[in-house]
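Worksheet: the structure to be examined is printed underneath.
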Amino acid sequence: SSLVKGLIIVVLSGILSSLLNVGFEAAIPIIENAKKLGATDAASSIPARATVVFGGLLMNAGYAVFLLCRNKTWSDFKFREEGSLKSFVWAVITGFLWFLPLGLSGIVSVSIGELGNVITWPVMLSLSLIFGNIWGYLTGEWKNTKHSFMLMILASLVLIVACMILTFKDSFIN
């Protein structure tokens, strides 16, 4: 059924997306080498993050090119239709806004130290979910959804914020 397929995709997505942080942890030697070469703490995480994300770019771009060739849909990428340039600009902005938190979390994780990736990863994901849902609401993405679904989104946001507060309460108190 489609529910089973959806659950499988959700579980696999959760597992596989966490591997990005595993990659960041594995890239710590790149950060150390950058520091040896004179990079500041803030700048030392950039080559590590870029290296890990570039691997994802190769996989995603390769699969996109494969699908474009298989489906013979290269002609869909023309700026002839009204609004296509606007869509392209929004795609670039979205890409920037996706990478910005990754870069910032890298800078913060280096300054935190040994547990930096452990702390910044869930915070970054939580904030991405919160702001992504707020942005979706403000842009009208959720306007045709049922009231119960909106309540679920709101409850999820409250739960995420509560988990973040409970997780880091000792850090704020001390």
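The values are calculated or read from the model by the stated rules, or taken from the named source; none is laboratory data. None of these values were measured; they are calculated from a predicted model. Backbone-built Cβ (ideal geometry, glycine too); neighbour counts: all protein chains shown. Accessible surface areas use protein heavy atoms only, side chains included; no ligands, DNA or RNA. Shrake-Rupley method; radii C 1.70, N 1.55, O 1.52, S 1.80 Å.
Of the residues 121, 98, only one is under 30 Å from residue 30 (Cβ atoms) and open to solvent by 90 Å² or more (accessible area, probe 1.4 Å); which?
So the residue among 121, 98 that is under 30 Å from residue 30 (Cβ atoms) and open to solvent by 90 Å² or more (accessible area, probe 1.4 Å) is 98.
Could you say whether any residue in the stretch 47-61 is among the β-branched types (Val, Ile, Thr), under 13 Å from the mean Cα position of the chain (by Cα), farther than 19 Å from residue 19 by Cα and open to solvent by less than 90 Å² (accessible area, probe 1.4 Å)?
Scanning the stretch 47-61, I find no residue that is among the β-branched types (Val, Ile, Thr), under 13 Å from the mean Cα position of the chain (by Cα), farther than 19 Å from residue 19 by Cα and open to solvent by less than 90 Å² (accessible area, probe 1.4 Å), so the answer is no.
Is there any pair with a first residue in the stretch 1-30 that is closer than 18 Å to residue 52 by Cβ and at pLDDT below 90 and a second that is aromatic (Phe, Trp, Tyr) and open to solvent by less than 50 Å² (accessible area, probe 1.4 Å) whose Cβ atoms are under 6 Å apart and which are 6 or more apart or on different chains, and what are they?
Pairs that qualify, where the first residue is closer than 18 Å to residue 52 by Cβ and at pLDDT below 90 and the partner is aromatic (Phe, Trp, Tyr) and open to solvent by less than 50 Å² (accessible area, probe 1.4 Å), are 21/121.
Mind listing whichever residues of the stretch 32-49 are assigned to a helix (DSSP H, G or I) and at pLDDT 90 or above?
32, 33, 34, 35, 36, 47
Scan the stretch 125-140 and tell me whether some residue there is within 29 Å of residue 41 (Cα to Cα), open to solvent by 100 Å² or more (accessible area, probe 1.4 Å), assigned to a helix (DSSP H, G or I) and of a type in the set (Phe, Trp, Tyr).
Yes, the stretch 125-140 contains at least one residue that is within 29 Å of residue 41 (Cα to Cα), open to solvent by 100 Å² or more (accessible area, probe 1.4 Å), assigned to a helix (DSSP H, G or I) and of a type in the set (Phe, Trp, Tyr).
Scan the stretch 49-63 and report the pairs whose first residue is in contact (Cβ under 8 Å) with a residue 40 or more places away in the chain and whose second residue is among the aromatic types (Phe, Trp, Tyr), with Cβ atoms within less than 8 Å and a gap of 6+ or a chain change.
Pairs that qualify, where the first residue is in contact (Cβ under 8 Å) with a residue 40 or more places away in the chain and the partner is among the aromatic types (Phe, Trp, Tyr), are 49/24; 53/99.
In the list 66, 24, which residue meets the criterion of being under 26 Å from residue 116 (Cβ atoms), aromatic (Phe, Trp, Tyr), out of contact with any Leu (no Cβ under 6 Å at 6 or more places or on another chain) and surrounded by 10 or more Cβ atoms within 10 Å (Cβ to Cβ)?
Residue meeting the stated conditions: 24.
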